[in-house]
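Okay, structure first, notes after.
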Amino acid sequence: MHTQYDTELSKICEKYSAPILRDFVWWVLIEAKRRNIRKLYFLARDGYVMREVALVLCEKFNLDIECRYLYTSRAALRMPTYHLIGEEAYDLLLGYSYQVTPNSMLQRALLSDTVKAKILREVGITEEQKDELLTRIETFELSDKIRRNALYRESVCEMSRKAYPITIEYFTQEKLFEDSTVAIVDSGWNGSMQRSLRQLMDAEHYQGEIIGFYFGLFQEPPQMPNSTYLHWYFGPSGRLSDKVRFSNNLFECICAAPHGTTLGYQYSQNGIVPVFGDTVSEKQNEFVRRQIELITNFASEQIADKKFKDFKLARAERMSRQLIRQLMYRPKPEIVAAFQQMQFCDDIYESYYSALANEAQTGQLKNYTLFAQFKRALKKTAVKIQDLAWPYGVAALLPMPRCLWYRWNILVWEILKNSPARRIYSRLKKHK
(Lines give C-alpha, C1' and ligand atoms only; values in the text may rest on other atoms or scores of the structure.)
Protein backbone atom coordinates (compact mmCIF):
# COMPACT_ATOMS: atom_id res chain seq x y z
CA MET A 1 0.00 0.00 0.00
CA HIS A 2 1.39 3.40 -0.97
CA THR A 3 1.86 5.94 1.79
CA GLN A 4 2.77 8.90 -0.43
CA TYR A 5 -0.86 10.01 -0.71
CA ASP A 6 -3.08 9.88 2.34
CA THR A 7 -6.32 11.37 1.05
CA GLU A 8 -9.39 9.41 0.02
CA LEU A 9 -8.92 10.62 -3.53
CA SER A 10 -5.47 9.05 -3.71
CA LYS A 11 -6.88 5.75 -2.47
CA ILE A 12 -9.58 5.85 -5.14
CA CYS A 13 -7.07 6.67 -7.87
CA GLU A 14 -4.68 3.94 -6.78
CA LYS A 15 -7.26 1.17 -6.34
CA TYR A 16 -9.82 2.06 -9.02
CA SER A 17 -9.23 4.93 -11.44
CA ALA A 18 -5.61 4.20 -12.40
CA PRO A 19 -5.98 0.45 -13.07
CA ILE A 20 -9.29 0.90 -14.90
CA LEU A 21 -7.88 3.55 -17.25
CA ARG A 22 -4.50 1.83 -17.51
CA ASP A 23 -6.03 -1.39 -18.83
CA PHE A 24 -8.31 0.45 -21.24
CA VAL A 25 -5.41 2.45 -22.68
CA TRP A 26 -3.21 -0.65 -22.75
CA TRP A 27 -5.88 -2.40 -24.83
CA VAL A 28 -6.08 0.61 -27.18
CA LEU A 29 -2.32 0.54 -27.72
CA ILE A 30 -2.33 -3.21 -28.39
CA GLU A 31 -5.12 -2.79 -30.96
CA ALA A 32 -3.31 0.16 -32.52
CA LYS A 33 -0.12 -1.89 -32.89
CA ARG A 34 -2.06 -4.81 -34.35
CA ARG A 35 -3.71 -2.52 -36.92
CA ASN A 36 -0.44 -0.69 -37.71
CA ILE A 37 -1.84 2.61 -36.40
CA ARG A 38 0.92 5.00 -35.44
CA LYS A 39 -1.10 8.05 -34.46
CA LEU A 40 -3.92 8.29 -31.92
CA TYR A 41 -6.15 11.30 -31.33
CA PHE A 42 -7.47 11.48 -27.77
CA LEU A 43 -10.64 13.58 -27.82
CA ALA A 44 -11.22 16.36 -25.32
CA ARG A 45 -12.15 16.27 -22.60
CA ASP A 46 -12.44 12.66 -21.44
CA GLY A 47 -9.35 11.83 -23.46
CA TYR A 48 -7.10 14.18 -21.47
CA VAL A 49 -6.15 11.78 -18.67
CA MET A 50 -6.32 8.84 -21.08
CA ARG A 51 -3.60 10.50 -23.16
CA GLU A 52 -1.49 11.14 -20.06
CA VAL A 53 -1.68 7.43 -19.24
CA ALA A 54 -0.96 6.53 -22.87
CA LEU A 55 2.20 8.67 -22.84
CA VAL A 56 3.39 6.80 -19.75
CA LEU A 57 2.76 3.42 -21.38
CA CYS A 58 4.34 4.42 -24.68
CA GLU A 59 7.49 5.62 -22.94
CA LYS A 60 7.68 2.55 -20.70
CA PHE A 61 7.16 0.06 -23.54
CA ASN A 62 9.07 2.10 -26.16
CA LEU A 63 6.09 2.26 -28.53
CA ASP A 64 6.30 4.19 -31.79
CA ILE A 65 2.78 5.64 -31.46
CA GLU A 66 2.11 9.38 -31.50
CA CYS A 67 -0.51 10.39 -28.94
CA ARG A 68 -2.17 13.70 -29.84
CA TYR A 69 -4.86 15.60 -27.98
CA LEU A 70 -7.68 16.97 -30.14
CA TYR A 71 -9.52 19.93 -28.64
CA THR A 72 -13.10 19.25 -29.53
CA SER A 73 -16.52 18.47 -28.07
CA ARG A 74 -20.02 17.56 -29.18
CA ALA A 75 -20.70 21.28 -29.46
CA ALA A 76 -17.58 22.09 -31.48
CA LEU A 77 -18.08 19.18 -33.87
CA ARG A 78 -21.82 19.51 -34.33
CA MET A 79 -22.06 23.24 -34.97
CA PRO A 80 -20.21 23.19 -38.34
CA THR A 81 -22.24 20.15 -39.47
CA TYR A 82 -25.75 21.53 -38.95
CA HIS A 83 -26.03 23.16 -42.38
CA LEU A 84 -24.88 19.87 -43.97
CA ILE A 85 -27.15 17.29 -42.36
CA GLY A 86 -30.73 18.55 -42.72
CA GLU A 87 -33.31 17.48 -40.14
CA GLU A 88 -30.75 15.50 -38.16
CA ALA A 89 -29.42 18.85 -36.97
CA TYR A 90 -32.63 19.63 -35.13
CA ASP A 91 -32.81 16.14 -33.64
CA LEU A 92 -29.43 16.84 -32.05
CA LEU A 93 -30.17 20.41 -31.00
CA LEU A 94 -33.61 19.92 -29.51
CA GLY A 95 -33.28 16.74 -27.45
CA TYR A 96 -33.90 16.19 -23.74
CA SER A 97 -31.24 16.53 -21.04
CA TYR A 98 -31.28 16.36 -17.24
CA GLN A 99 -32.16 20.04 -16.80
CA VAL A 100 -33.50 21.57 -19.98
CA THR A 101 -35.26 24.94 -20.17
CA PRO A 102 -36.58 26.87 -23.19
CA ASN A 103 -33.61 29.23 -22.93
CA SER A 104 -30.98 26.47 -22.63
CA MET A 105 -32.50 24.65 -25.61
CA LEU A 106 -31.85 27.70 -27.82
CA GLN A 107 -28.44 28.29 -26.25
CA ARG A 108 -27.24 25.03 -27.85
CA ALA A 109 -27.14 26.85 -31.18
CA LEU A 110 -25.18 29.77 -29.65
CA LEU A 111 -27.88 32.24 -30.66
CA SER A 112 -27.73 35.84 -29.48
CA ASP A 113 -30.01 36.98 -26.66
CA THR A 114 -31.98 39.11 -29.12
CA VAL A 115 -32.60 36.22 -31.52
CA LYS A 116 -33.43 33.85 -28.67
CA ALA A 117 -35.95 36.29 -27.21
CA LYS A 118 -37.68 36.73 -30.57
CA ILE A 119 -37.89 32.98 -31.21
CA LEU A 120 -39.28 32.32 -27.73
CA ARG A 121 -41.97 34.95 -28.27
CA GLU A 122 -42.86 33.39 -31.62
CA VAL A 123 -43.30 29.92 -30.09
CA GLY A 124 -45.38 31.24 -27.18
CA ILE A 125 -42.84 31.26 -24.32
CA THR A 126 -43.06 34.26 -22.02
CA GLU A 127 -40.17 35.97 -20.23
CA GLU A 128 -41.27 34.30 -16.99
CA GLN A 129 -41.28 30.84 -18.59
CA LYS A 130 -37.95 30.90 -20.42
CA ASP A 131 -35.90 29.50 -17.51
CA GLU A 132 -38.46 27.02 -16.18
CA LEU A 133 -37.38 23.37 -16.03
CA LEU A 134 -39.11 21.24 -18.66
CA THR A 135 -40.28 17.66 -18.36
CA ARG A 136 -39.61 15.21 -21.17
CA ILE A 137 -43.04 15.63 -22.70
CA GLU A 138 -42.83 19.44 -22.45
CA THR A 139 -39.39 19.28 -24.09
CA PHE A 140 -40.72 17.25 -27.02
CA GLU A 141 -43.70 19.58 -27.49
CA LEU A 142 -41.57 22.72 -27.43
CA SER A 143 -39.00 21.08 -29.72
CA ASP A 144 -41.63 20.59 -32.40
CA LYS A 145 -42.57 24.28 -32.27
CA ILE A 146 -38.96 25.49 -32.37
CA ARG A 147 -38.09 23.09 -35.19
CA ARG A 148 -40.78 24.65 -37.38
CA ASN A 149 -39.72 28.23 -36.59
CA ALA A 150 -38.22 29.91 -39.67
CA LEU A 151 -35.99 32.33 -37.74
CA TYR A 152 -34.55 29.47 -35.71
CA ARG A 153 -33.73 27.38 -38.76
CA GLU A 154 -32.16 30.31 -40.59
CA SER A 155 -30.10 31.28 -37.53
CA VAL A 156 -28.81 27.74 -36.99
CA CYS A 157 -27.68 27.42 -40.60
CA GLU A 158 -26.00 30.83 -40.50
CA MET A 159 -24.05 29.94 -37.32
CA SER A 160 -23.12 26.57 -38.80
CA ARG A 161 -21.75 28.00 -42.04
CA LYS A 162 -19.63 30.47 -40.09
CA ALA A 163 -18.15 27.70 -37.92
CA TYR A 164 -17.31 25.34 -40.79
CA PRO A 165 -14.18 26.89 -42.41
CA ILE A 166 -12.13 27.40 -39.25
CA THR A 167 -13.03 23.93 -37.98
CA ILE A 168 -11.67 22.37 -41.17
CA GLU A 169 -8.55 24.54 -40.86
CA TYR A 170 -8.07 23.24 -37.30
CA PHE A 171 -8.36 19.66 -38.55
CA THR A 172 -5.77 20.41 -41.22
CA GLN A 173 -3.46 21.99 -38.66
CA GLU A 174 -3.77 18.87 -36.50
CA LYS A 175 -2.93 16.64 -39.51
CA LEU A 176 -6.22 14.72 -39.62
CA PHE A 177 -6.22 14.58 -43.40
CA GLU A 178 -2.65 13.32 -43.76
CA ASP A 179 -3.13 9.60 -43.15
CA SER A 180 -5.35 6.92 -44.63
CA THR A 181 -6.66 6.13 -41.14
CA VAL A 182 -7.75 8.50 -38.37
CA ALA A 183 -7.88 6.75 -34.99
CA ILE A 184 -9.69 8.48 -32.12
CA VAL A 185 -9.92 7.53 -28.45
CA ASP A 186 -12.81 8.59 -26.20
CA SER A 187 -15.14 7.42 -23.45
CA GLY A 188 -17.90 6.61 -25.94
CA TRP A 189 -21.58 5.93 -25.06
CA ASN A 190 -23.16 6.48 -28.51
CA GLY A 191 -20.40 7.37 -30.98
CA SER A 192 -21.96 10.70 -31.97
CA MET A 193 -18.66 12.61 -32.05
CA GLN A 194 -17.20 10.15 -34.53
CA ARG A 195 -20.30 10.58 -36.68
CA SER A 196 -19.89 14.37 -36.70
CA LEU A 197 -16.19 14.03 -37.47
CA ARG A 198 -17.01 11.70 -40.35
CA GLN A 199 -19.58 14.14 -41.73
CA LEU A 200 -17.11 17.03 -41.65
CA MET A 201 -14.26 15.07 -43.21
CA ASP A 202 -16.58 13.63 -45.86
CA ALA A 203 -17.52 17.19 -46.80
CA GLU A 204 -13.82 17.72 -47.54
CA HIS A 205 -13.72 14.50 -49.62
CA TYR A 206 -11.63 12.51 -47.14
CA GLN A 207 -11.67 8.89 -48.31
CA GLY A 208 -9.82 7.24 -45.43
CA GLU A 209 -11.14 5.21 -42.50
CA ILE A 210 -12.04 6.59 -39.08
CA ILE A 211 -11.61 4.11 -36.23
CA GLY A 212 -12.96 4.88 -32.77
CA PHE A 213 -11.60 3.22 -29.62
CA TYR A 214 -14.20 3.57 -26.86
CA PHE A 215 -14.42 2.56 -23.24
CA GLY A 216 -18.05 1.58 -23.78
CA LEU A 217 -20.96 1.89 -26.21
CA PHE A 218 -24.51 1.75 -24.88
CA GLN A 219 -26.15 1.66 -28.29
CA GLU A 220 -25.31 0.82 -31.88
CA PRO A 221 -23.60 3.85 -33.47
CA PRO A 222 -25.01 5.16 -36.75
CA GLN A 223 -23.39 3.19 -39.54
CA MET A 224 -21.39 5.26 -42.02
CA PRO A 225 -18.95 4.26 -44.78
CA ASN A 226 -15.34 3.73 -43.69
CA SER A 227 -16.21 4.00 -39.99
CA THR A 228 -15.28 1.42 -37.36
CA TYR A 229 -16.34 1.49 -33.71
CA LEU A 230 -14.40 -0.63 -31.20
CA HIS A 231 -15.31 -0.94 -27.52
CA TRP A 232 -13.50 -2.12 -24.41
CA TYR A 233 -15.81 -2.65 -21.41
CA PHE A 234 -19.22 -3.09 -23.02
CA GLY A 235 -20.86 -2.75 -26.42
CA PRO A 236 -24.41 -2.40 -27.75
CA SER A 237 -25.05 -6.16 -27.51
CA GLY A 238 -22.74 -6.73 -24.54
CA ARG A 239 -23.48 -7.96 -21.04
CA LEU A 240 -26.56 -6.28 -19.61
CA SER A 241 -25.20 -6.79 -16.09
CA ASP A 242 -22.23 -4.54 -16.94
CA LYS A 243 -24.31 -1.70 -18.38
CA VAL A 244 -26.82 -1.46 -15.54
CA ARG A 245 -24.08 -1.27 -12.88
CA PHE A 246 -22.04 1.34 -14.72
CA SER A 247 -22.21 5.13 -14.22
CA ASN A 248 -21.04 7.04 -17.28
CA ASN A 249 -21.49 10.29 -15.34
CA LEU A 250 -19.03 9.18 -12.66
CA PHE A 251 -16.66 7.92 -15.36
CA GLU A 252 -16.68 11.37 -17.00
CA CYS A 253 -15.84 12.97 -13.65
CA ILE A 254 -12.91 10.58 -13.27
CA CYS A 255 -11.80 11.63 -16.77
CA ALA A 256 -12.31 15.35 -16.16
CA ALA A 257 -9.85 17.74 -17.82
CA PRO A 258 -8.34 20.96 -16.42
CA HIS A 259 -10.01 23.17 -19.02
CA GLY A 260 -13.52 24.11 -20.07
CA THR A 261 -15.51 22.56 -22.88
CA THR A 262 -14.41 23.47 -26.40
CA LEU A 263 -17.00 25.83 -27.87
CA GLY A 264 -15.25 26.43 -31.18
CA TYR A 265 -11.99 27.78 -32.58
CA GLN A 266 -10.26 31.11 -33.18
CA TYR A 267 -7.11 32.41 -34.85
CA SER A 268 -4.07 33.32 -32.79
CA GLN A 269 -0.38 34.03 -33.31
CA ASN A 270 0.27 30.34 -32.68
CA GLY A 271 -2.26 29.09 -35.20
CA ILE A 272 -5.83 28.00 -34.54
CA VAL A 273 -6.64 27.49 -30.87
CA PRO A 274 -9.79 26.36 -29.04
CA VAL A 275 -12.33 28.69 -27.47
CA PHE A 276 -13.20 27.36 -24.04
CA GLY A 277 -16.34 27.63 -21.97
CA ASP A 278 -16.07 28.49 -18.29
CA THR A 279 -15.07 25.85 -15.77
CA VAL A 280 -17.13 25.30 -12.62
CA SER A 281 -14.66 26.76 -10.13
CA GLU A 282 -10.96 26.96 -9.34
CA LYS A 283 -11.55 24.56 -6.45
CA GLN A 284 -12.85 21.93 -8.85
CA ASN A 285 -9.96 22.65 -11.24
CA GLU A 286 -7.52 21.92 -8.41
CA PHE A 287 -9.35 18.67 -7.67
CA VAL A 288 -9.16 17.67 -11.35
CA ARG A 289 -5.47 18.50 -11.67
CA ARG A 290 -4.70 16.51 -8.55
CA GLN A 291 -6.76 13.59 -9.79
CA ILE A 292 -4.90 13.54 -13.12
CA GLU A 293 -1.55 13.65 -11.33
CA LEU A 294 -2.53 10.75 -9.06
CA ILE A 295 -3.92 8.58 -11.85
CA THR A 296 -0.84 9.13 -14.01
CA ASN A 297 1.61 8.46 -11.18
CA PHE A 298 -0.14 5.33 -10.01
CA ALA A 299 -0.48 3.99 -13.56
CA SER A 300 3.27 4.47 -13.98
CA GLU A 301 4.02 2.65 -10.74
CA GLN A 302 1.68 -0.21 -11.60
CA ILE A 303 3.51 -1.03 -14.85
CA ALA A 304 7.02 -0.55 -13.46
CA ASP A 305 7.88 -4.26 -13.68
CA LYS A 306 5.65 -5.08 -16.68
CA LYS A 307 6.31 -5.78 -20.33
CA PHE A 308 3.95 -4.82 -23.15
CA LYS A 309 3.13 -8.47 -23.81
CA ASP A 310 2.08 -9.01 -20.17
CA PHE A 311 -1.40 -7.68 -20.93
CA LYS A 312 -3.92 -10.52 -20.73
CA LEU A 313 -7.31 -9.62 -22.15
CA ALA A 314 -9.48 -11.98 -20.08
CA ARG A 315 -7.73 -11.08 -16.84
CA ALA A 316 -7.96 -7.34 -17.55
CA GLU A 317 -11.67 -7.58 -18.37
CA ARG A 318 -12.36 -9.55 -15.21
CA MET A 319 -10.43 -7.09 -13.05
CA SER A 320 -12.11 -4.05 -14.64
CA ARG A 321 -15.53 -5.56 -14.02
CA GLN A 322 -14.75 -6.16 -10.37
CA LEU A 323 -13.33 -2.68 -9.80
CA ILE A 324 -16.09 -0.85 -11.68
CA ARG A 325 -18.84 -2.56 -9.72
CA GLN A 326 -17.15 -1.74 -6.43
CA LEU A 327 -16.63 1.89 -7.44
CA MET A 328 -19.84 2.69 -9.31
CA TYR A 329 -22.54 0.25 -8.23
CA ARG A 330 -21.82 -0.38 -4.55
CA PRO A 331 -19.43 2.41 -3.51
CA LYS A 332 -18.54 2.98 0.11
CA PRO A 333 -19.77 6.28 1.59
CA GLU A 334 -16.22 7.62 1.78
CA ILE A 335 -15.81 7.13 -1.97
CA VAL A 336 -18.94 9.15 -2.68
CA ALA A 337 -17.80 11.80 -0.20
CA ALA A 338 -14.56 12.23 -2.14
CA PHE A 339 -16.57 13.26 -5.21
CA GLN A 340 -19.14 15.45 -3.42
CA GLN A 341 -17.52 18.67 -4.66
CA MET A 342 -17.70 17.54 -8.29
CA GLN A 343 -20.33 19.33 -10.38
CA PHE A 344 -21.73 17.51 -13.41
CA CYS A 345 -23.54 18.58 -16.59
CA ASP A 346 -24.81 16.59 -19.58
CA ASP A 347 -25.74 19.63 -21.69
CA ILE A 348 -23.34 20.18 -24.60
CA TYR A 349 -22.90 23.88 -23.75
CA GLU A 350 -22.96 23.31 -19.99
CA SER A 351 -25.76 25.76 -19.34
CA TYR A 352 -26.20 24.34 -15.81
CA TYR A 353 -24.34 22.25 -13.25
CA SER A 354 -25.57 19.92 -10.53
CA ALA A 355 -23.82 17.87 -7.88
CA LEU A 356 -22.69 14.40 -8.89
CA ALA A 357 -23.88 12.94 -5.57
CA ASN A 358 -24.27 14.37 -2.08
CA GLU A 359 -26.35 13.99 1.06
CA ALA A 360 -28.73 16.78 0.03
CA GLN A 361 -29.95 14.53 -2.80
CA THR A 362 -30.95 11.55 -0.66
CA GLY A 363 -34.52 12.81 -0.38
CA GLN A 364 -34.88 12.52 -4.15
CA LEU A 365 -34.33 8.77 -4.02
CA LYS A 366 -38.05 8.33 -3.33
CA ASN A 367 -38.49 9.01 -7.05
CA TYR A 368 -36.31 5.99 -7.86
CA THR A 369 -38.41 3.21 -6.35
CA LEU A 370 -40.06 0.86 -8.82
CA PHE A 371 -43.48 2.01 -7.64
CA ALA A 372 -42.63 5.68 -8.22
CA GLN A 373 -41.04 4.94 -11.62
CA PHE A 374 -44.05 2.98 -12.90
CA LYS A 375 -46.50 5.51 -11.47
CA ARG A 376 -44.70 8.34 -13.21
CA ALA A 377 -44.39 6.39 -16.47
CA LEU A 378 -48.13 5.65 -16.56
CA LYS A 379 -49.25 9.10 -15.46
CA LYS A 380 -51.07 11.07 -18.15
CA THR A 381 -49.70 14.42 -17.06
CA ALA A 382 -46.03 15.37 -16.99
CA VAL A 383 -44.24 15.22 -13.63
CA LYS A 384 -41.20 17.36 -12.90
CA ILE A 385 -38.44 15.67 -10.90
CA GLN A 386 -34.74 16.34 -10.42
CA ASP A 387 -32.81 13.55 -12.14
CA LEU A 388 -29.81 12.25 -10.19
CA ALA A 389 -26.48 12.00 -11.99
CA TRP A 390 -25.28 9.04 -9.88
CA PRO A 391 -28.22 7.36 -8.10
CA TYR A 392 -26.10 4.48 -6.77
CA GLY A 393 -23.74 7.01 -5.22
CA VAL A 394 -26.58 8.90 -3.53
CA ALA A 395 -28.03 5.64 -2.17
CA ALA A 396 -24.63 4.76 -0.67
CA LEU A 397 -24.92 7.75 1.67
CA LEU A 398 -27.90 6.16 3.45
CA PRO A 399 -27.77 3.61 6.31
CA MET A 400 -27.29 0.09 4.99
CA PRO A 401 -30.90 -1.26 5.00
CA ARG A 402 -32.18 1.76 3.08
CA CYS A 403 -29.10 1.80 0.84
CA LEU A 404 -29.71 -1.81 -0.19
CA TRP A 405 -33.41 -1.13 -0.79
CA TYR A 406 -32.84 1.84 -3.11
CA ARG A 407 -29.91 0.17 -4.85
CA TRP A 408 -32.12 -2.81 -5.69
CA ASN A 409 -34.92 -0.57 -7.00
CA ILE A 410 -32.50 1.43 -9.15
CA LEU A 411 -30.91 -1.74 -10.53
CA VAL A 412 -34.20 -3.42 -11.46
CA TRP A 413 -35.41 -0.28 -13.24
CA GLU A 414 -32.14 -0.04 -15.16
CA ILE A 415 -32.54 -3.67 -16.20
CA LEU A 416 -36.06 -2.96 -17.45
CA LYS A 417 -34.84 0.04 -19.45
CA ASN A 418 -31.96 -1.80 -21.06
CA SER A 419 -33.39 -5.30 -21.51
CA PRO A 420 -35.56 -6.57 -24.40
CA ALA A 421 -38.47 -5.26 -22.33
CA ARG A 422 -37.34 -1.76 -23.29
CA ARG A 423 -39.96 -1.73 -26.04
CA ILE A 424 -42.62 -1.80 -23.34
CA TYR A 425 -40.70 0.85 -21.41
CA SER A 426 -40.50 3.06 -24.49
CA ARG A 427 -44.26 2.92 -24.89
CA LEU A 428 -44.69 3.85 -21.24
CA LYS A 429 -42.27 6.78 -21.60
CA LYS A 430 -44.60 8.43 -24.10
CA HIS A 431 -46.86 9.21 -21.17
CA LYS A 432 -44.10 10.56 -18.94
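Overview of results
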{"item": "Furthest towards positive pole of dipole, Phe213, Thr362, Ser300, structure part the chain, Cβ charges", "result": "Thr362"}
{"item": "Average projection area in nm² (convex hull over Cα atoms of the stretch 96-157, one quarter of hull surface)", "result": "3.7"}
{"item": "Approximate spin-label separation Gln207-Phe177, in nm, with each point projected 7 Å along Cα-to-Cβ", "result": "1.5"}
{"item": "Debye intensity ratio I(q)/I(0), log10, the chain, q values 0.07, 0.10, 0.11, 0.14 Å⁻¹ (C-alpha model)", "result": "-0.35, -0.75, -0.92, -1.51"}
{"item": "Dmax and Rg, reported as Rg then Dmax, of the stretch 135-206 (C-alpha, Å)", "result": "16.4, 46"}
{"item": "Surface per residue (accessible, 1.4 Å probe) for the stretch 49-95, Å²", "result": "35"}
{"item": "Largest-first ellipsoid semi-axes for the stretch 289-347, taking √(5λ) over the Cα gyration tensor eigenvalues, angstrom", "result": "26, 17, 11"}
{"item": "Distance in nm between pseudo-label sites at Gln129 and Ala117 (7 Å out along the Cβ direction from Cα)", "result": "1.8"}
{"item": "Kirkwood-Stokes translational diffusion coefficient of the stretch 96-255, alpha-carbon pairs, 20 °C, 1.002 mPa s, µm²/s", "result": "116"}
{"item": "Amide H within-cut-off set for Phe42, under 5 Å, with H built and near neighbours excluded", "result": "Arg68, Tyr69, Leu70, Val185"}
{"item": "Stokes-Einstein diffusion coefficient of the stretch 247-391, Kirkwood radius over Cα pairs, 25 °C, 0.890 mPa s, in µm²/s", "result": "131"}
{"item": "The chain, relative contact order in percent, only Cα pairs under 8 angstrom and at least six apart counted", "result": "20"}
{"item": "Gain on full stretching of the segment that runs from Arg68 to Arg402 - 0.36 nm per residue minus C-alpha separation", "result": "115.6 nm"}
{"item": "Relative pair counts by distance (%), Cα atoms of the stretch 1-119, 10 Å bins", "result": "11, 27, 23, 23, 14, 3, 0"}
{"item": "Surface share of carbon and sulfur [accessible, 1.4 angstrom probe, percent] for the stretch 9-122", "result": "42"}
{"item": "Fraction of antiparallel bridges per DSSP, the chain only, in percent to nearest 5", "result": "25"}
{"item": "The stretch 11-115: relative contact order in percent, alpha carbon pairs under 8 Å with at least 6 residues between", "result": "21"}
{"item": "Estimated FRET transfer efficiency when R0 is 45 angstrom, pair Lys366-Met319 (beta carbons, to 0.05)", "result": "0.80"}
{"item": "Contact order relative to length of the stretch 142-286, as percent, for alpha carbon pairs under 8 angstrom and 6 or more apart", "result": "18"}
{"item": "Segment Asp91-Lys307, length gained on full extension (0.36 nm per residue, minus Cα span)", "result": "73.1 nm"}
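The values are calculated or read from the model by the stated rules, or taken from the named source; none is laboratory data. All figures in this text were calculated on a predicted structure; none of them were measured in a lab. For neighbour counting, all protein chains shown are included, and Cβ atoms are generated from backbone atoms with ideal geometry for every residue, glycine included. Just the protein is used for accessible areas: all its heavy atoms, side chains included, with ligands, DNA and RNA removed. Shrake-Rupley method; radii C 1.70, N 1.55, O 1.52, S 1.80 Å.
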